[in-house]
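Colleague: Quick one: the structure is below, and I'll ask about it shortly.
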Amino acid sequence: MTQRFSGPAPSVAAVHDLSGVGRCALTVVIPVLAAMGLQPCPLPTAVLSSHTGGYTGMAVKDLTDFMPGYIAHWKSLDLKFDALYTGYLACEAQSDLVLDLFAWQKRQGKPFIVVDPVMGDEGELYSTMTMAMAREMRRLCAMADVITPNLTEAHLLLGEDYRSAPRSPAQVRDMLSALLDLGPENALITSMPVENGLANVCMRRGDAGYYQCAYPMLPVQYPGTGDLFASVLTGAMVRGEDLQSAMDRASRAVYRAVKDTYALGTEIRAGVQLELSLNAIWDDLEEDRVKFIVV
Ligand code: PXL
């Protein structure tokens, strides 16, 4: 059940890149969090003229040198964020800056930490990523309340070769518990091949079993849907929803956006038609509120 907050909008420090076209990272994170009633506070890790999936010849600016001053200013303002949400890093050295941000905010309060270990998809690293990034992402995952790798990223975190074959329930459970062994409170894997198709799966620390949300397979995959998923999940959990219900909500949001975009036949690399999906994400929250009032 969704909690409604009566106070000011919760703030989320969002550590992702800004990509000019293609609808991923901050161009997804900012509108989704805002549409869910949260204040996104971006800390950009890089600026790119487009994302790296399906475009070539991008202009790329790594912001590693700029980030310490940005964080120092935030420290001077004595800010306290309700949540910290990290995604694409431009290089391995940025993990130390992110860990410093986490440590400072843990001194300031009790931030809810979501780490989306963005590294690759469909068994391949994104073109700007290196294998060494997995080691750095593991360090961030250890500090998280929730991690949201896709199947490729889960394998990278675990130091395993990619395997797309459908998994038995026991194999899914073993993979989720191996991710929990890295240190997060909750582990979630998106696009997991299971016996009857694809599912998002999650497990809480200390639980013997896992929870699964299967979804119908659509004949297309858009870039940025991992960012849409993790943003809706973050928004829902900061609003007080539990892991399973937040995962269901995020799965619904991605499924609808992909289905509606596919029907329009737009260019795949341009991503989902997010602008047409934001009202559905809000309506989904409103439907819960109506239930809440009636009950
Ligand atoms: O959606 C993940 C992502 C984030 N940022 C950049 C990317 C990608 C995926 O391709 O290229 C720059």
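Colleague: If you place +1 on the Cβ of every Lys and Arg and -1 on the Cβ of every Asp and Glu, how big does the dipole about the Cα centre of region 197-265 come out, in debye to the nearest 20? Walk me through the intermediate numbers first.
Modeller: Numbers: 7 positive and 6 negative charges, 8 e Å.
It comes to approximately 40 debye.
Colleague: Next up: What are the semi-axes of the equivalent ellipsoid for region 134-278, taken as the square roots of 5 times the Cα gyration tensor eigenvalues, largest first, in whole Å?
Modeller: Values: eigenvalues 122, 58, 43 Å².
After scaling each eigenvalue by five and taking roots: 25, 17, 15 Å.
Colleague: OK, next. If you rank 207, 78, 121 by fewest surrounding Cβ atoms within 10 Å, what's the result? Don't jump to the answer; show the numbers that get you there.
Modeller: Details: 207 15, 78 7, 121 19.
Ordered from fewest to most neighbouring Cβ atoms within 10 Å, 207, 78, 121 come out as 78, 207, 121.
Colleague: Over all distinct alpha-carbon pairs, what is the Kirkwood Rh of the chain in angstrom? Walk me through the intermediate numbers first.
Modeller: Details: mean 1/r = 0.0522 Å⁻¹.
The Cα-based Kirkwood calculation yields 19.2 Å.
Colleague: Next question, about the same structure. Please give me the summed charge of the neighbours of residue 234: other residues whose Cβ is under 13 Å from its Cβ, Lys and Arg +1, Asp and Glu -1.
Modeller: Numbers: positive: 239, 249; negative: 82, 116, 145, 227, 241.
Charge balance near residue 234 sits at -3.
Colleague: Does region 86-129 classify as rounded, prolate or oblate by the C-alpha gyration tensor (a ≥ b ≥ c root eigenvalues; a/c under 1.5 gives rounded; else a/b over b/c gives prolate, otherwise oblate)? Present the calculation step by step, with values, prior to reporting the outcome.
Modeller: Working: a/c = 5.46, a/b = 2.12, b/c = 2.57.
Oblate, since a/c reaches 1.5 and b/c is not below a/b.
Colleague: Could you pull the Rg and Dmax for region 163-219, using just the Cα atoms, both in Å?
Modeller: 11.2, 36
Colleague: Continuing with the same structure: Which aspartates and glutamates have a Cα less than 18 Å from the Cα of residue 61, not counting those fewer than 8 places away in the same chain?
Modeller: 17, 92
Colleague: Using helices alone, what [θ] at 222 nm do you get for the chain, with -39,500 (n - 2.57) per DSSP H run of 4 or more residues, divided over all residues and rounded to the nearest 500?
Modeller: On the way: 9 runs with 118 residues, N = 295.
Calculated at 222 nm, the ellipticity per residue is -12500 deg cm²/dmol.
Colleague: So how do 138, 107 line up by other beta-carbon neighbours within 10 Å, fewest first?
Modeller: Numbers: 138 20, 107 8.
Final ranking by Cβ density, sparse to dense: 107, 138.
Colleague: Once you order the gyration tensor axes a ≥ b ≥ c over the Cα atoms, which shape class does region 39-184 get: rounded for a/c under 1.5, otherwise prolate or oblate by comparing a/b with b/c? Spell out each step's value before the answer.
Modeller: On the way: a/c = 2.43, a/b = 1.29, b/c = 1.88.
Note, shape of region 39-184 comes out oblate.
Colleague: Oh, and also: Which ordering of 167, 173, 249 is given by a fewest-first count of other beta-carbon atoms within 10 Å?
Modeller: Working: 167 20, 173 17, 249 25.
The fewest-first ordering by Cβ neighbours comes to 173, 167, 249.
Colleague: Given the options 41, 244, 77, identify the residue whose Cα lies farthest towards the positive end of the charge dipole of the chain (+1 on Cβ of Lys, Arg; -1 on Cβ of Asp, Glu).
Modeller: The residue sitting farthest along the positive end of the dipole is 77.
Colleague: Which aspartates and glutamates have a Cα less than 15 Å from the Cα of residue 75, not counting those fewer than 8 places away in the same chain?
Modeller: 100
Colleague: Assuming a ≥ b ≥ c are the square roots of the Cα gyration tensor eigenvalues, decide whether region 1-107 counts as rounded (a/c under 1.5), prolate (otherwise, with a/b larger than b/c) or oblate.
Modeller: Here region 1-107 falls in the oblate category.
Coordinate-derived values only; no laboratory data. Given the structure is predicted, the values throughout are model-derived calculations rather than measurements. Note that each Cβ is placed from the backbone with ideal geometry, even for glycine, and that neighbours are counted across all protein chains shown.
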